[in-house]
Structure formats: C-alpha cells, structure tokens
Amino acid sequence: MCSTIPKHSPAVVAVSGVKNSGKTTLITALIPLLAESGLRVAVIKHDGHSFVPEVPDTDTARHLEAGAIGTAVMDQEKCKVVRYGSFTEEDLIPLFPDADLILLEGFKHSIWPKVEVVRAGNSTEPVCDADTLLALMTDLPLVITGIPTLPQDDTKALAALLEDYVKGRAPHVG
C-alpha cells in the first residue's frame, strides 16, 4: 500500500562508501538475508546524477512531458510515484511505514547510522564520520576502535548485526 500514515518508525541505516565501492552489491545481498529473518526492508537510493524518471513513450512519461509536476502508476501489487521538486531522504522515509528497516544507499556525509564499504583498488580508507559508523565492510586491514570490521563478503554477519540493531539490541559480530 502506498500510504504515508506511519504505523511505526522504521530503523534507518545508510550503506555508504565512495563510488563503485560495492554498495548496491552489498544491499542486494543483504535484502534476502534480512527478509529470511522476518525483516521488511525498503531502499532509498541517492543518485548523484539526474536520472530518467520514467520509461520514454509510456503514458506516465507523456504526462510528465506535458508539464505535470508528478505522476503515479499503480496496479494491484505496487505503485510508483514520480514528482518534480527538491527532496531529501527524510521526505521519502514516510513512504515506507510498513518497513522495519530502510537502507539508504549513499548518504555518506549524513547523520544517519552507517555501514561503510571500503574496497581495495577503489578506496584506501573510510570517508564517513566514525561517529556515525555501525560497521565497516572491507577487504583491507582497517580497524576503527569500537567499530565492528567485517570482511567485505560476510553479508551474513552484517545481516545479523543489522537485525540486532533493528530489534534494539547491541550489535554483535559473528
């Protein structure tokens, strides 16, 4: 349902890192693991570039081309809304009132709790404020005191950490 009436407040965690660090790969590996544990997950992605809001030659694209400030399409299972304007992730979070966890892709300089991905050959050190880090996922020998450092391919450990975080328990590793 595409309602903006919040039932509860979902936990929000950013999956951050420099461009091409593996954020999307990590998120798509995490979602099934989190779903297996019973968590409902939504994703809000920050696009640093302008994206095409609608497939060309569709009715909704034609609505936008005609000057509509927004358009929506729905069927019995899902909906999609495209609006023109200035938005923040805080504007979009209420669109997912039934989520237990909203993963933000990007947002490395935000105040949100973060999992930062640092991948060899792409970056050499974390770029996020350490005070916002829940965990570091890396294939490099990096350590930040007080922050769990997980191997970049250990999505099960990260899923467990996020599950604990959502449920209000102290995150654990392994």
Principal-axis tilt of helix 23-36 within the chain, Cα atoms, nearest 10 degrees: 90 degrees
Listed residues 84, 165 arranged by accessible area, highest first, probe 1.4 Å: 84, 165
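Residue 167 to residue 47: FRET efficiency via 1/(1 + (r/R0)^6), r the Cβ-Cβ distance, R0 35 Å, to the nearest 0.05?
The pair residue 167/residue 47 has a calculated efficiency of 0.70.
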Cα-projected label distance for residue 153 with residue 127, points at 7 Å along beta-carbon direction, nm: 2.5 nm
Area of residue 107 that stays accessible when all protein chains are in place (1.4 Å probe, Å², to 10): 40 Å²
Residue-wise HN-Hα coupling along segment 42-56, computed from phi with Karplus coefficients 6.51, -1.76, 1.60 (Hz; x: Gly, Pro): 10, 10, 10, 9, 8, 10, x, 10, 6, 10, 6, x, 8, 4, x
Residues residue 61 and residue 139, FRET efficiency given R0 of 41 Å [Cβ-Cβ distance, rounded to 0.05]: 0.50
Neighbour cut-off at most 16 other Cβ (10 Å), DSSP loop, trypsin sites (Lys or Arg not before Pro), segment 69-174: 78, 167, 169
Along each principal axis, Cα extent of segment 1-136, largest first, Å: 47, 32, 24
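Which sequence of 59, 98 reflects their accessible areas, 1.4 Å probe, from the largest down?
So, going from the largest accessible area down, we get 59, 98.
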Rounded FRET efficiency, nearest 0.05, which uses the C-beta distance separating residue 25 from residue 68 and R0 of 45 Å: 0.80
Long-range HN-HN contacts of residue 45 with modeled amide H, under 5 Å: 105
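The values are calculated or read from the model by the stated rules, or taken from the named source; none is laboratory data. Not measured: the values here are computed from a predicted model. Ideal geometry is used to build each Cβ from the backbone, glycine not excepted, and the neighbour counts take in all protein chains shown. When the accessible area is computed, the model is the full protein with side chains, heavy atoms only, and any ligands, DNA or RNA have been set aside. Shrake-Rupley method; radii C 1.70, N 1.55, O 1.52, S 1.80 Å.
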